[in-house]
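Inspection log for the structure reproduced underneath, given as structure tokens.
The values are calculated or read from the model by the stated rules, or taken from the named source; none is laboratory data. Here the structure is a predicted model, which means the values were calculated and not measured. Using ideal geometry, Cβ is built from the backbone for each residue, glycine included, and neighbour counts are taken over all protein chains shown.
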Amino acid sequence: METPAPGYKWNNLGGLYQSFYETYGGLSLAEQAEQLKAAAGQVCTWLATLSDQEFFEPEQRAWATTKARWPLWKWVHINTVAPFTNFRTQIRKWKRLTLN
């Protein structure tokens, strides 16, 4: 597994985010919501397969083994919930521009 995504490094998240806009920007809000719901379901299904040891203890997956020694739950958090928190301001700005 290549993180944060194939072809992107952690110091180029702006480029990764731009690729999201290019990929999903042409979809309607309803289509985006449906894709998000499906992706969230896939994540939840995968998480349900993990043992407590796999989820809460560090170094349980080769791709999640770093000097920081984060457990898998931390990787899941920074790649699912955290970006939405960071984009809250941008989403509100977009809503103001498109809904007014």
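Looking across region 60-97, the residues that are modelled with pLDDT of 80 or more and of a type in the set (Ser, Thr, Tyr) come down to 80, 89. Residues in region 71-84 that are more than 19 Å from residue 18 (Cβ to Cβ) and loosely packed, with under 11 Cβ neighbours inside 10 Å: 81 alone.
Please identify the pairs in which a residue from region 78-100 that is in contact (Cβ under 8 Å) with a residue 12 or more places away in the chain has its Cβ atom under 7 Å from the Cβ atom of a residue that is part of a helix (DSSP H, G or I) and surrounded by 10 or more Cβ atoms within 10 Å (Cβ to Cβ), counting only partners at least 6 apart or on another chain. Between residues of region 78-100 that are in contact (Cβ under 8 Å) with a residue 12 or more places away in the chain and residues that are part of a helix (DSSP H, G or I) and surrounded by 10 or more Cβ atoms within 10 Å (Cβ to Cβ), the close pairs are 80/43. Among the residues that make up region 40-52, is at least one of them without any contact (Cβ under 8 Å) to a residue 60 or more places away in the chain, among the aromatic types (Phe, Trp, Tyr) and surrounded by 14 or more Cβ atoms within 10 Å (Cβ to Cβ)? Checking region 40-52: not a single residue is without any contact (Cβ under 8 Å) to a residue 60 or more places away in the chain, among the aromatic types (Phe, Trp, Tyr) and surrounded by 14 or more Cβ atoms within 10 Å (Cβ to Cβ). When region 1-18 is limited to residues that are under 14 Å from residue 82 (Cβ atoms) and of a type in the set (A, V, I, L, M, F, W, C), the one that is surrounded by the fewest Cβ atoms within 10 Å (Cβ to Cβ) turns out to be 10.
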